[in-house]
Amino acid sequence: MIFEPNGQATGIGSMPQHDPADALDMIKKHLPEIPHWPQLPQRGREEHFVNQFLKPLVKIGLLVDDGNKTFFDTTKDDWDTRLTEFYTTYLAAEEGDLAALNEFAFPVEAAAGFYAFLEDLQKGAGDARMLKGHVVGPISAAFQVKDERGRFAYYDEQLRDLVVKSIATSAAWQGTELGRFGLPVMIFIDDPALGIYGQSNYITVTREMILEDFSTISQAIHGTGALAGAHSCDAIDWSLLFESELEVVSFDAYNYFSSLIPFIPSLKSFLGRGGSLAWGLIPTTNERAMDEDADSLLGILDGEWSELTGRGIDRDTLLKRCLITPACGAGLLDLASAERIYQLTSQVSQRIRDRKGLR
């Protein structure tokens, strides 16, 4: 499937509201065509990625969460038994057992925005043409969770596998839930920690490891009929994502556009196979969001597209394969800034589409 959003707009995920109804009101007001469920980090620790995407590992007893820290304890007497339980459930879910898949559901208390999103959709999808979800990325997750010795989970093959498979099955459950509403679904893998690749302190993190992890999660998303995207708000080796199995690559076009330039050949291949770019054009810092307007942001985008067309990328392809988003999540901002960011995202999207007579 070639995804051609033609300048439509969506959000990244996190928002500053405490009440999910308030967050949904902002989303429906500004991003009605590709609404996303809001992650609400200011509600507290329950909205942390461990509670949303790795809770099955806690429930089974592989991941210890004592309220202050979260870690794997591989020294536990029943570790092997717990491993068997996890992989049995995982394999059953992978084979289509809905009861097993539901073991990877978000706890209600950990994803208020997701369940409010579902409840709202049950009343009617309104102007929505597609629904967007998101999961934490494997690098970001496995470099925040450690084992009992304080070693990052990513460096242990077994622990890394547990993290990746938990995220993948959570994504599959999410894609299945969102798919019930009869609209196309897109799920982003949000992984800002991808920037560690290539750094001297992380030389044991290989390209093959990253591509394998993203492949596992992408395949789980695709298994539900959804599109897979990835978001990173840093200057990274973009060929990692362009050469993966993703349909959409989301980047901070406001701050890090120049980081794409060394990877033009990979970008051309990505677009050539039908990939789309989510242009994070709207800055997500309080000051910058208030300083910019739709005209200034469109000027930035025109300059960036001119740079790419000068390097042999067709401008019409850029338009057809273009999503407009904030540069990153808005979860730690104040409400006025978030409102401004979502308003600008909508305005820029509409102006782009007006230029081509798109609706």
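Can you tell me how many residues in region 49-87 are open to solvent by less than 50 Å² (accessible area, probe 1.4 Å) and in a helix (DSSP H, G or I)?
The total comes to 13.
Determine whether region 88-100 contains at least one residue that is open to solvent by less than 70 Å² (accessible area, probe 1.4 Å) and closer than 22 Å to Glu46 by Cβ.
So far as region 88-100 goes, no, none of its residues is open to solvent by less than 70 Å² (accessible area, probe 1.4 Å) and closer than 22 Å to Glu46 by Cβ.
Looking for something within 30 Å of Asp77 (Cα to Cα), at pLDDT 95 or above and assigned to a helix (DSSP H, G or I) - is there at least one such residue anywhere in region 170-183?
Yes, that holds for at least one residue.
Could you tell me which residue of region 1-40 is nearest to Ile189 (Cα to Cα), considering only residues that are in a loop (DSSP other than H, G, I, E, B) and of a type in the set (A, V, I, L, M)?
Only one residue tops the list, namely Ile12.
Search region 262-300 for residues being hydroxyl-bearing (Ser, Thr, Tyr) and farther than 20 Å from Met15 by Cα, and hand back the single one that is most open to solvent (accessible area, probe 1.4 Å).
Once the filter is applied, the top-ranked residue is Ser269.
Residues being part of a helix (DSSP H, G or I), closer than 30 Å to Ser269 by Cβ and not aromatic (Phe, Trp, Tyr): count how many of those fall in region 284-342.
The qualifying residues number 18.
Among the residues of region 189-228 satisfying the criterion of being among the aromatic types (Phe, Trp, Tyr) and under 11 Å from Leu240 (Cα atoms), which is most open to solvent (accessible area, probe 1.4 Å)?
Ranking the qualifying residues of region 189-228, first place goes to Tyr197.
Let me confirm something: among Ser259, Ser250, which residue is hydroxyl-bearing (Ser, Thr, Tyr), in contact with a strand residue (DSSP E or B) (Cβ under 9 Å, 6 or more places away or on another chain) and part of a strand (DSSP E or B)?
Ser250
Scanning for something of a type in the set (S, T, N, Q), crowded, with 18+ Cβ neighbours inside 10 Å and under 25 Å from the mean Cα position of the chain (by Cα), does region 114-124 turn up at least one residue?
Among the residues of region 114-124, not one is of a type in the set (S, T, N, Q), crowded, with 18+ Cβ neighbours inside 10 Å and under 25 Å from the mean Cα position of the chain (by Cα), which makes the answer no.
Results for (1) under 19 Å from Ala23 (Cα atoms); (2) of a type in the set (Phe, Trp, Tyr); (3) at pLDDT 95 or above, shown as yes or no for each residue.
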position: Leu98; (1), (2), (3): no, no, yes
position: Asn102; (1), (2), (3): no, no, yes
position: Ala116; (1), (2), (3): yes, no, yes
position: Leu121; (1), (2), (3): yes, no, yes
position: Gly126; (1), (2), (3): yes, no, no
position: His134; (1), (2), (3): yes, no, yes
position: Val164; (1), (2), (3): no, no, yes
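One residue is enough: does region 148-158 have a residue meeting the conditions open to solvent by 10 Å² or more (accessible area, probe 1.4 Å), closer than 19 Å to Arg82 by Cα and out of contact with any strand residue (DSSP E or B) (no Cβ under 7 Å at 6 or more places or on another chain)?
Yes, there is a match, as at least one residue in region 148-158 is open to solvent by 10 Å² or more (accessible area, probe 1.4 Å), closer than 19 Å to Arg82 by Cα and out of contact with any strand residue (DSSP E or B) (no Cβ under 7 Å at 6 or more places or on another chain).
Keeping to region 240-250, report how many residues are open to solvent by less than 10 Å² (accessible area, probe 1.4 Å) and in contact with a helix residue (DSSP H, G or I) (Cβ under 7 Å, 6 or more places away or on another chain).
Within region 240-250, residues that are open to solvent by less than 10 Å² (accessible area, probe 1.4 Å) and in contact with a helix residue (DSSP H, G or I) (Cβ under 7 Å, 6 or more places away or on another chain) number 4.
The values are calculated or read from the model by the stated rules, or taken from the named source; none is laboratory data. No experiment lies behind these values; they were computed from the predicted model shown. Glycine gets a Cβ as well: all are built from the backbone with ideal geometry, and neighbour counts include every protein chain shown. Quick note on the areas: whole protein, heavy atoms, side chains included, nothing else; ligands and nucleic acids left out. Shrake-Rupley method; radii C 1.70, N 1.55, O 1.52, S 1.80 Å.
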